[in-house]
Amino acid sequence: MVPPSDNPASIPRRRDIKAIAGRILKVVVPLGISAALVVWLFHKVDLDRVEEIMSDGVDYRFIIAMMLVTMFSHMIRGLRWGIQLRAAGIPRMPVVAEYVSIFGAYAMNLVFPYLGEAWRCVYVSRRQRCKLSTVVGTDLGDRASDGIVIAMLIALTLFVARPQLTRFLDRYPMGEALHRYATDGSLWICLCAVALLAAVVVWLFRRSKAVKSMERSVARIWSGFAVLFHMKGIWLYLLLTVGIWTCYFMETYLCFYAFPFTRALVDEPGSCWGLVPGLVVFVFGSCSMIVPSNGGLGPWNIAVMFALTLFGISSGDGAAYSIVCWSFQAGMLVALGIFSALYIMIERRAGRNNVPGSGGLQEKS
């Protein structure tokens, strides 16, 4: 008799169990993070104060303007991604389809972290009948270019908002811990040792499936990112990148005018009409998005609330700001997601999702 562990019939079953467990973890962990942080957020703030601000202290004209800027930023991102897709040899899509690829992706991210990235790659691959790996490469390159922008914004924030960040390092335990670890030479030695050990392990197991899969992923990232260096329209790509991140910043800045306590920051001496605190809040919120959660719910709220406290705004006021801004932005994303679903449904029924049969630009499977 063959032992159960060695029975070939049991191997697919174990793989199915592992796959199901992996999917459950991918759903449960982000939901758990979001729920825990939201509970912590509401535990730390005065909900009566938040309700008072939301009912009487919000100028919703600026909130509506923020929602329109949110839509505009995603339209620009769709145009920018279209340039990268065409540079990778993918047939050109209608402009509205480029918009929809981004609208739908951000709406999906509200349901599950990073689901939108997978959805937009599959959407473009099926619609344009091209290799999914090529689309994934451009998506990863798209996000890598955003990472460069965030790094530049962090450097700018460290320069223009040094007093507030110094206060954070001096007054808050988290800031003191970050400063202590950042200036500890032994930490950097350990990090270098870990990196060296990882490189040795990768080299020793270079023929294993895991390492080969990792190499393929890195190659896709590089191929998608390398397109930026030789594609046509690079200057337009850079201009659209500036437009995207200007819109993102304006979403934060416009909301400053919607609340009396953040509006006061605009008139403070040395704030450059509120641009400095706006930049700090924007960068803190952007960095929080690396935490897996549903559309940033929880991590983004706490990061924004904490950034506002660096400028003397109470936790309750900061929580009200973050809750209102996130809720209305999420509402806009839901509306754009519904528009995307209707567009795709109408397009499929009309039979307009076939790529013109020139064949020259389409990759062979």
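Readers should treat all values here as calculations from the given coordinates under stated rules, not as data from a laboratory. Everything quoted here is computed from the prediction, not taken from an experiment. Positions of Cβ are backbone-derived with ideal geometry, glycine not excepted, and every protein chain shown enters the neighbour counts.
Between beta-carbons, use under 9 Å as the cut-off and find the net charge around Leu240, counting Lys and Arg +1, Asp and Glu -1. For residues surrounding Leu240, the net value is +2.
The residues neighbouring Ser340, those whose beta-carbon lies less than 11 Å from its own, together hold a net charge of 0 under the Lys/Arg +1, Asp/Glu -1 convention.
Applying the criteria of a DSSP loop state and at most 15 other Cβ atoms within 10 Å to the trypsin sites (Lys or Arg not before Pro) of the range 294-356 yields Arg352. Using R₀ = 45 Å, calculate the FRET efficiency as 1/(1 + (r/R₀)^6) where r is the Cβ-Cβ separation of Arg263 and Ala341; round to 0.05. Efficiency computed from Cβ-Cβ geometry: 0.75.
In terms of its C-alpha gyration tensor, the range 34-350 has an oblate overall shape, because the principal axis ratio a/c (a ≥ b ≥ c, square roots of the eigenvalues) is not below 1.5 and a/b does not outweigh b/c. Which of rounded, prolate, oblate describes the range 280-328, given a ≥ b ≥ c as roots of the alpha-carbon gyration tensor eigenvalues and a/c under 1.5 marking rounded, otherwise prolate only if a/b is larger than b/c? Oblate, since a/c reaches 1.5 and b/c is not below a/b. The calculated FRET efficiency for Met214 paired with Arg92, based on their beta-carbon distance and R0 = 35 Å, is about 0.60. Sorted on the mean count of surrounding Cβ atoms within 10 Å across their residues, most packed first, peptides 205-215, 336-346 read 336-346, 205-215.
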